[in-house]
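Colleague: Questions regarding the structure given below will be posed in turn.
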Amino acid sequence: MLAGRRIVLGITGGVAAYKAAYLARRLVEHGAQVRVVMTRSATRFVGAQTLAAITGSHPVVELFDDDDVSPHTTLARWADSIVVAPATAATLSRLATGLSDDAVSATVLASTSPVVLAPAMHTEMWEQPATQRNIATLIADGYTIVGPDVGALAGGDEGVGRLADPDEIAESVAGVLPGGELSGQRVLVTAGGTREPIDPVRFIGNRSSGKMGNAIAVASARRGAAVTLVTTAPAPRHPRVEVIAVETAREMADAVWKAAEDADIALMAAAVADFAPEHPEATKLRRAAGPPQVVLGPTPDILGGLAAMEKRPFLVGFAAETGSIEAAIDKAREKGVDLLVANDVTALGSEFGSDTNEVVIVLPDGSTEPWELMTKSEVAERLLDRIEVLRSGGDTGGAPS
Ligand code: PMT
């Protein structure tokens, strides 16, 4: 997504400015052309020469230049996207009010390209109502904000205000650039394990971490899709991923069925409870009352509901099996999916919460394609490649089972 793209990196005057050098390097490594614009105060924290060496061109620091009558508009017109990292409280304030009195704010205001802002400052400055008002204004104006994170700050302080990880910032820049093979497509993903309440403090759940679904959501967004991620788990931050947080199978079903109405592809990686307590207690069950009788009833069949839709998205189900994936072959036929991803959650490297997975692709005719053990990100990428082939009417069969 970043290869060949023209990115302007704006650096403003905070201690985190030194990390901008690493961000510049990551953008260059991804194949982007990078030009830097810095405020004068940023040059007190990181040398312009360092950025010149990384990017191959000298940063713009002054609005008055002997060679270019208007360096800020030249940069703004050149850029496919602008990222300001770190963005100080003063810079956020300038951009929120349209003040363009330094090289960075003038370049941003002269641009019509998507802009990512990565704020970094002390916690007190971040939490000031004025800063929060500016952030709200900037979001409403269409800026993408990444971070800040919680962690160590300048002067030995701790708290919210730390610059987001440069790799995450680079991912956000890729996320705001138009294009990609799934551009214009809507992808719906589920992730995590549902929690079915027994009483206000206890639930029936499972060990899904959400990593498989998150990897699919990010891979789809990287390809340009508008992603809806319905999840019970901590979700990735990405400008093209809209997160709908749910807890129970019922809540997941409602969110998924609504989002599916205009989805092109749905990938159901969540581990959904098949049964839930029919009458969760309103108050905490007491030990003194003895072991409770918990009556379970079936939860909504989310995948079944999608398969029954008159105009349904391309449908990918997952099957978590234990010991063997044989049962998944029947599941692929019964569930009415276009493709089923089976994994044995008792196999080494494919457990819940692991960063890797060894899956078997099962097609509706029962044919199977075993894939080797790989990271969940690699599974996601290969899965999207496989889906594209199937959607375009290509190779629909693997080795017969
Ligand atoms: O989250 P991780 O820790 O990364 O682990 C990943 C994973 C093991 C959870 C994932 O790879 C996986 O296998 N997800 C599906 C788990 C599951 O619920 O499998 P199942 O065989 O019980 O269900 C089959 C399919 O029906 C699934 O797509 C499931 O989302 C769906 N389902 C299940 C029950 C229900 N009431 N409604 C459903 O739609």
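Colleague: Which residue, of ASP365, ASP338, ASP355, is away from the ligand (no atom under 12 Å from the Cβ) and in contact with a helix residue (DSSP H, G or I) (Cβ under 8 Å, 6 or more places away or on another chain)?
Modeller: ASP338
Colleague: Among the residues that make up region 161-175, is at least one of them touching a residue at least 12 places away in the same chain (Cβ under 8 Å) and part of a strand (DSSP E or B)?
Modeller: Among the residues of region 161-175, at least one is touching a residue at least 12 places away in the same chain (Cβ under 8 Å) and part of a strand (DSSP E or B), which makes the answer yes.
Colleague: Conditions first: (1) within 12 Å of the ligand (Cβ to nearest atom); (2) within 27 Å of the chain's Cα centre (by Cα); (3) not in a helix (DSSP H, G or I). ILE244 passes all but one, so which condition is the exception?
Modeller: (1)
Colleague: May I ask you to say which residue of GLU281, GLU251 is more than 19 Å from the chain's Cα centre (by Cα), under 21 Å from GLY317 (Cα atoms) and among the charged types (D, E, K, R)?
Modeller: None of the other options fit; the residue is GLU251.
Colleague: Failed condition for LEU315, given (1) outside any strand (DSSP E or B); (2) at pLDDT 95 or above; (3) touching a helix residue (DSSP H, G or I) at 6+ places or on another chain (Cβ under 7 Å), with all others met?
Modeller: The number of the failed condition is (1).
Colleague: Just the residues that are touching a strand residue (DSSP E or B) at 6+ places or on another chain (Cβ under 6 Å) and within 10 Å of the ligand (Cβ to nearest atom), please, taken from region 201-216.
Modeller: ASN206, SER208, GLY210, GLY213, ASN214, ILE216
Colleague: Taking region 262-284 on its own, how many of its residues are charged (D, E, K, R) and more than 16 Å from the ligand (Cβ to nearest atom)?
Modeller: 4
Colleague: Would you point out which residue out of VAL28, VAL69 is in the same structural domain as ILE169 (by TED's automatic domain parsing) and at pLDDT below 95?
Modeller: None of the others qualify; the one that does is VAL69.
Colleague: Also, quick follow-up: Sort out which residues of region 285-321 are at negative phi, more than 16 Å from the ligand (Cβ to nearest atom) and loosely packed, with under 11 Cβ neighbours inside 10 Å, and write them in order of number.
Modeller: ARG286, ARG287, ALA288, ALA289, PRO291, GLN293, VAL295, GLU310, LYS311 - these are the residues of region 285-321 that are at negative phi, more than 16 Å from the ligand (Cβ to nearest atom) and loosely packed, with under 11 Cβ neighbours inside 10 Å.
Colleague: Conditions first: (1) at pLDDT below 95; (2) assigned by TED's automatic domain parsing to the domain that holds VAL246. GLU196 passes all but one, so which condition is the exception?
Modeller: (1)
Colleague: Being more than 19 Å from VAL189 (Cβ to Cβ) and hydrophobic (A, V, I, L, M, F, W, C) is the filter here, so list the residues in region 316-331 that pass it.
Modeller: ILE325, ALA327, ALA328, ILE329
Colleague: Can you confirm whether ASP254 is more than 15 Å from the ligand (Cβ to nearest atom), out of contact with any helix residue (DSSP H, G or I) (no Cβ under 9 Å at 6 or more places or on another chain) and assigned by TED's automatic domain parsing to the domain that holds ILE204?
Modeller: Working: more than 15 Å from the ligand (Cβ to nearest atom): no; out of contact with any helix residue (DSSP H, G or I) (no Cβ under 9 Å at 6 or more places or on another chain): yes; assigned by TED's automatic domain parsing to the domain that holds ILE204: yes.
When the stated conditions are applied, ASP254 does not pass them.
Colleague: Out of (1) within 30 Å of GLY317 (Cβ to Cβ); (2) under 16 Å from the mean Cα position of the chain (by Cα); (3) at pLDDT below 95, the odd one out for SER209 is which?
Modeller: Every listed condition holds for SER209 apart from (3).
Colleague: Name the residues in region 227-258 that are modelled with pLDDT under 95 and touching an Asp or Glu at 6+ places or on another chain (Cβ under 8 Å), would you?
Modeller: ARG237, HIS238
The values are calculated or read from the model by the stated rules, or taken from the named source; none is laboratory data. Quick caveat: nothing in here was measured; it's all calculated off a predicted structure. Here the Cβ is made from the backbone with ideal geometry for all residues, glycine too, and neighbour counts use every protein chain on show.
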